[in-house]
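The values are calculated or read from the model by the stated rules, or taken from the named source; none is laboratory data. Keep in mind that this is a model prediction, so the values were computed, not measured. Neighbour counts are summed over all protein chains in view; Cβ atoms, including those assigned to glycine, are modelled from backbone coordinates with ideal geometry.
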Amino acid sequence: MKALNKDKIVLNLLKLCAIIALTWPLWVHGFPLLYSDSGTYLVAAKIGEIPIDRPYAYSYFLVFFAKLFGVYFLPVVQAVMVIYLGERFLKRTVFRSLPKWSGTVLFIALGAFTGLPHLVCQMMPDLFTPFLFLLIWDLMQKLGLRESLLSIAFLLFIVAMHSSHLLLALILIPCLALARYYLDRDKKIINKLALLIGVWMIIPIVNFTHAGRFYLSDSSRVFFAASLHNAGILTPWLERHCGEEQAPEFLCANQEQLKGMDGNGILWGSDILMDSSCLSQSGWGYCWRVRNEELGPFMKNWWKDDISRDAYLQYAWKATWQQTFDYGIGMISSQKEGSAPYTVLDHHYPKDLKRYKSSDQYDHDLFFHGQSKTQWWTVLLSLIALLFLVLIGMRNGRWKKEWTMMLICLFVFLLANAAVCGILSNPVDRYQARVIWLIPFLTMTLGMSVFRNDTSKKVEQ
């Protein structure tokens, strides 16, 4: 009994260390890390409105726990969820016979050598993107009803957090289903493609529940038009087609102004997306909705222009390639008076505002050059170690075909994330940083599995 209690104490202490390792930016900088979008997430569910430019689920997650613990301790909640989901994946799909502390130690290492802590401490849904891969792989196993339902619930919740999660899940589910079919030759695995229906419907269902309308987004076309402008495609297309029915009038009227700005100018330039007429009717959100509808004919026809289509394919290849290898942690700008996060804290979380005003981010922009270099070397060394693991495992007959398929699917996922983010937004280092920690995560996982293979067999016998 004493030994058992001692083991539990050690395990709990390790879990506490893992939480601290995953939240150290909170303690060092004095507050959760905020982007301009964080204000939308922190307030939408609090006032009960669907954001015009973001899904609702992550806002509900933040607001629910902010009521319990305050904004300051939200990274701790996120760290606990990351450890739970990560260990659940490890126990169910990779190594069932390793000590209970293995997964906890692994997350301590990830906290020290990757950018995962910065994701945990951000008030952004990017933290949960990697768990799309882990949960879908888990679902493709032969699970009991209870475990399957739990994995599906987590998956749908994470898909509902971000539009990019929806696209990645739609790519991953058929990919991983085919991988499992190749391994097991079990035709029932194809039935799990039905998950595509649930994934595709979850955001419209959430929107219908809270807004009374069954729709995916009121801003997707606006964002895509901004992406085309970043790619250098929109303005030349307007020059060739303005005056035609397919050309959006509000963009044609601002051709000269568009030439001097990036895609964010379309998104946030009030004189482009908004005018006095729509603003007087129902505010800027209504203007976005109107412009989104006006872009319908454009979306149906822009790609029929050979010049634009060829230019977009070239841009897509270049953006995907650049985003694949660009995974620095990035810079986080200061959010002072007048910014969306500051305003939300001021109006809805006054106690947390006092903490924020004493934080590093309130005082100045935050840069993470040292941590980015550490992550770069960690990923590089993990890839080298992974290659040796495969060679050693195959030579000694310890390598499983299932692990090969997992790694293939992992690199498909990393490429898909780079494509979705790089093409539809613009290459930004933090977009790939949100998933790149999966490489050292699985390298350490498979390393422990390979080198404990003999022990595991003895335990099973």
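Quick look at the numbers
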read-out	value
Among the candidates G269, G212, residue that is small (G, A, S), closer than 25 Å to S164 by Cα, under 31 Å from the mean Cα position of the chain (by Cα) and surrounded by fewer than 12 Cβ atoms within 10 Å (Cβ to Cβ)	G212
Close pairs (8 angstrom Cβ cut-off, 6 or more residues apart or separate chains): in the same structural domain as I203 (by TED's automatic domain parsing) in the stretch 164-182, surrounded by 18 or more Cβ atoms within 10 Å (Cβ to Cβ) and not in a helix (DSSP H, G or I) anywhere	S164/T129; H165/T129; L168/T129; L176/M140; A177/M140; A179/M140; R180/M140
L22 vs. criteria among the aliphatic types (A, V, I, L, M) and in contact with a Pro (Cβ under 7 Å, 6 or more places away or on another chain)	yes
Residue match in the stretch 157-172 (condition: loosely packed, with under 15 Cβ neighbours inside 10 Å and of a type outside the set (K, R))	no
Residue in the stretch 50-61 that is over 25 Å from D429 (Cα atoms), outside the structural domain of V450 (by TED's automatic domain parsing), assigned to a helix (DSSP H, G or I) and free of Cβ contacts under 8 Å to residues at least 60 places away in the same chain present	yes
Cβ-Cβ under 8 Å pairs, at least 6 apart or on other chains, the stretch 377-402 side in contact (Cβ under 8 Å) with a residue 60 or more places away in the chain and β-branched (V, I, T), far side surrounded by 12 or more Cβ atoms within 10 Å (Cβ to Cβ) and part of a helix (DSSP H, G or I)	T378/F113; T378/P440; V379/I436; V379/I439; V379/P440
Test for L149: is it assigned by TED's automatic domain parsing to the domain that holds F128, at pLDDT below 95 and under 20 Å from the mean Cα position of the chain (by Cα)	no
Conditions (1) closer than 20 Å to L150 by Cα; (2) out of contact with any strand residue (DSSP E or B) (no Cβ under 9 Å at 6 or more places or on another chain); number of the one not met by Q78	(2)
Residues being touching a residue at least 24 places away in the same chain (Cβ under 8 Å), assigned to a helix (DSSP H, G or I) and among the charged types (D, E, K, R) - total across the stretch 185-220	1
